[in-house]
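Colleague: Could you have a look at this structure, given as structure tokens, before my questions?
The values are calculated or read from the model by the stated rules, or taken from the named source; none is laboratory data. Fair warning: this is a prediction, and the values are worked out from it, not measured in the lab. Note: ideal-geometry Cβ built from the backbone for every residue, glycine included; neighbour counts use all protein chains shown. The protein model used for the area step is the full one, side chains on, heavy atoms only, and it has no ligands, DNA or RNA in it. Shrake-Rupley method; radii C 1.70, N 1.55, O 1.52, S 1.80 Å.
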Amino acid sequence: MSPTPAATAPLDVLRGALRDAAQAVGGDGHVGDRATLERPKRDDFGDYATNVAMLLAPVVGGPPRDIAGKVGEELQARLGPLLDRVEVAGPGFLNLFLSDAWHTAALTSVLAAGERFGGGGAEQPERLNVEFVSANPTGPLHVGHARNAAYGDALSRIFAFHGHEVVREYYVNDFGSQIARLAESVRARARGEEVAEDGYQGDYVQAIANAIPDAATMELDPLGQKAVALMTERIRESLHFFGVDFDVWFSERSLHEPSASLGGQDPVTHAFATLADLDQTYAHEDALWLRSGQHGDDKDRVLVRSSGEHTYFASDIAYMLDKRERGFDRLLYVLGADHHGYRARMAAAYEALGGDVASLDLLIMQFVHLVERGERSSMSKRSGEFVTLDDLVAEIGVDAARWFLLQRSHDTTIDLDLDLAREESAENPVYYVQYAHARISSVLDKAGADRVAAALGAEHAGVALHPAEKALVKKLLAFPAEIAEAAERRAPHRIATYALEVAQTFTAFYRDCQVVGAEGEGVEDLRLAVSVAARQTIATSLGLLGVTAPETM
RNA sequence: GCCCCGAUAGCUCAGCUGGAUAGAGCGUCCCCCUCCUAAGGGGAAGGCCGCAGGUUCGAAUCCUGCUCGGGGCGCCA
């Protein structure tokens, strides 16, 4: 993942010139880095605009507009023919109008990066562990899990593309009282009896019972394990069909079994010993407590009950310690909104184990409401009539499901409009983006592979660009920064927003600029090249979301 | 009571580590297929950015306090 050479990345050239210019007029060097360099809302404000003069004003003294003028002169001297002109505007903005030559050089840099365009930008690559979904294997995945799965997976894809090393992990809660309850429910079904009040009521329980020959007569413990194995496999298949595959399926049960790597000790005992060494636990009223209150939690938490049983929290800590000992730079947990109450104790546990909470990310997913014909259908898990991931996919397809679950920020509740998601038309944003990709493919197909190859090898110097072409090139250039933002802010929805914008910008270009058969020296070459770059960027964006990029529709 | 999330166009939501005249999709209304995919495009209407203070040259964005909505606060998992 070699990053795009700084010398040829046009935005880096601009940034560098801006930094130098700021320094030349008296800045301390940092001002140039803090200054914005962004696409203004209006075209007559130039290709890019910077607030550098307003930041310099308090440092060097004097009216911002005067300073902007000086910075402009410095920039012009440094950028020469790449910069057509500058304008000082408003309270002291400096608007930059870049030349055709700059735009074509930018396009060339995008094409040179090829499939890697936008990726590999992580300044400090890290080894990341992303735990997500981790739904109890006592029932099928529902729509909330689907959001969690889509988010965790897209985030992982973005991290990897950005240059990090990612391990996707699913924690299987195959231990504890809910497994016994599942076993009892399965056995009841196998015997043709009613499931107990506090048991699992769904139809899938009968399916599990049917799949285990001796379910009616087996001991509860092995029956529970068998049921969990079947349920876990079903979950794994659902996720795989949804485009989500995990690297590690971590068994909670294994935390309570002897481990060879711990010299025969079990991980929970190992964790207790580790915490004891750090003086993070104490005994009180026959129970073992973690000093979580010292690490930001509301109070201390029990690890071993007075009855001698371990709490689930004990497993969580042992698991967390296991991850730490596997050597990750950062642990990420994608948790459902109903788990936010555990944030404080998880963070406390992390600190108690000697970790720095700056390397722990506890991400909370907000809820999903399904909307059909304008009405909300809440997914009540109790009643057993919740919508499953499989149902959702059967209803609207993987692409639409992933798109609609990912297009909004993870910390806002979303209303997923099933009618709109089912719509196979431009009213549906996911189809709109896919259509743009298919349309580009069609144009390139019409031109022919040889023609496209020739266009990619052509020099574009001297070709005058149409405003729509410039707009598209600049939209594409924003991709690396979008990836960085999406990764750093754990915000895959930014990629969805961006993909839609690229599709819109391409569509405007397509409307205004005939590609195949365009008149003028080198114009068709340039437009084919722009098209290739746009298709690449859309395909990469969709790929990061786990949505397909079809050649034809 | 305490904690988390939200409040932006009729609806669903971007924008939020401060910048110029606040955006998209849907919905509504008008218009456009001799032209590389009309699964498309052009245009219009539509906003005290929840309320009140504060910081700043500048606040949807940052701080404080409220209001409303959603969720969570067990030696359950």
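Colleague: Go through A:R402, A:R408 for me and flag whichever is out of contact with any Cys (no Cβ under 8 Å at 6 or more places or on another chain), modelled with pLDDT of 90 or more and open to solvent by less than 50 Å² (accessible area, probe 1.4 Å). Before you say what the answer is, go through the steps one by one.
Modeller: Numbers: A:R408 fails: open to solvent by less than 50 Å² (accessible area, probe 1.4 Å).
Matching residue, one of A:R402, A:R408: A:R402.
Colleague: So, in region A:81-106, of the ones that are free of Cβ contacts under 8 Å to residues at least 60 places away in the same chain and within 16 Å of A:E459 (Cβ to Cβ), which residue ends up farthest from the chain's Cα centre (by Cα)?
Modeller: Checking each candidate, the answer is A:P81.
Colleague: When residues of region A:407-437 are filtered for being under 13 Å from A:Y498 (Cα atoms), in the same structural domain as A:F509 (by TED's automatic domain parsing) and touching a Pro at 6+ places or on another chain (Cβ under 8 Å), how many remain?
Modeller: 0
Colleague: Can I ask one more? Is at least one residue of region A:505-527 more than 7 Å from RNA strand B (Cβ to nearest atom) and basic (K, R)?
Modeller: Yes; the residues of region A:505-527 include at least one that is more than 7 Å from RNA strand B (Cβ to nearest atom) and basic (K, R).
Colleague: Exactly one of (1) open to solvent by 70 Å² or more (accessible area, probe 1.4 Å); (2) under 23 Å from A:L526 (Cα atoms); (3) modelled with pLDDT under 90 is unmet by A:P3. Its number?
Modeller: (2)
Colleague: If you don't mind, another one. Can you tell me how many residues within region A:58-84 are part of a helix (DSSP H, G or I), at negative phi and open to solvent by 20 Å² or more (accessible area, probe 1.4 Å)?
Modeller: 15
Colleague: Let me ask something additional. All but one of (1) over 30 Å from A:K474 (Cα atoms); (2) at pLDDT below 95; (3) not charged (D, E, K, R) hold for A:S109, so report the exception by its number.
Modeller: A:S109 satisfies every listed condition except (1).
Colleague: Would you please name the residue that is nearest to RNA strand B (Cβ to nearest atom), looking only at residues in region A:85-117 that are open to solvent by less than 10 Å² (accessible area, probe 1.4 Å) and part of a loop (DSSP other than H, G, I, E, B)?
Modeller: Ranking the qualifying residues of region A:85-117, first place goes to A:G92.
Colleague: Could you figure out which of (1) of a type in the set (S, T, N, Q); (2) modelled with pLDDT of 95 or more; (3) within 11 Å of RNA strand B (Cβ to nearest atom); (4) open to solvent by 10 Å² or more (accessible area, probe 1.4 Å) isn't true of A:Q536?
Modeller: (3)
Colleague: Identify, by number, the condition in (1) more than 27 Å from the chain's Cα centre (by Cα); (2) crowded, with 19+ Cβ neighbours inside 10 Å that A:S442 doesn't meet.
Modeller: (2)
Colleague: Here is a further query. Answer with yes or no whether A:P125 is modelled with pLDDT of 95 or more and either aromatic (F, W, Y) or not in a helix (DSSP H, G or I) (or both). Step through it out loud before you land on a result.
Modeller: On the way: modelled with pLDDT of 95 or more: yes; either aromatic (F, W, Y) or not in a helix (DSSP H, G or I) (or both): yes.
Answer is yes for this residue.
Colleague: If I filter region A:296-303 for residues that are within 16 Å of RNA strand B (Cβ to nearest atom), among the acidic types (D, E), in contact (Cβ under 8 Å) with a residue 24 or more places away in the chain and under 17 Å from A:V130 (Cβ atoms), do I get at least one hit?
Modeller: Here is the first cut: in region A:296-303, the ones within 16 Å of RNA strand B (Cβ to nearest atom) are A:296-303.
Still in the list and also among the acidic types (D, E): A:297-298, A:300.
So of that shortlist, the ones also in contact (Cβ under 8 Å) with a residue 24 or more places away in the chain come out as A:297-298.
Going one step further and asking which of them are under 17 Å from A:V130 (Cβ atoms), we end up with none.
No: region A:296-303 contains no residue that is within 16 Å of RNA strand B (Cβ to nearest atom), among the acidic types (D, E), in contact (Cβ under 8 Å) with a residue 24 or more places away in the chain and under 17 Å from A:V130 (Cβ atoms).
Colleague: How about region A:23-47: which of its residues are assigned to a helix (DSSP H, G or I) and over 33 Å from the mean Cα position of the chain (by Cα)?
Modeller: A:Q23, A:A24, A:D44
Colleague: Let me ask something else. Out of A:A273, A:A283, I need the residue that is over 29 Å from A:D153 (Cα atoms), open to solvent by 80 Å² or more (accessible area, probe 1.4 Å) and over 33 Å from the mean Cα position of the chain (by Cα). Which one?
Modeller: Details: A:A273 fails: open to solvent by 80 Å² or more (accessible area, probe 1.4 Å).
Selected residue: A:A283, the only one of A:A273, A:A283 that is over 29 Å from A:D153 (Cα atoms), open to solvent by 80 Å² or more (accessible area, probe 1.4 Å) and over 33 Å from the mean Cα position of the chain (by Cα).
Colleague: Additional query: Is it fair to say A:G144 is within 14 Å of RNA strand B (Cβ to nearest atom), outside the structural domain of A:A22 (by TED's automatic domain parsing) and either under 30 Å from A:Q201 (Cβ atoms) or open to solvent by 20 Å² or more (accessible area, probe 1.4 Å) (or both)?
Modeller: yes
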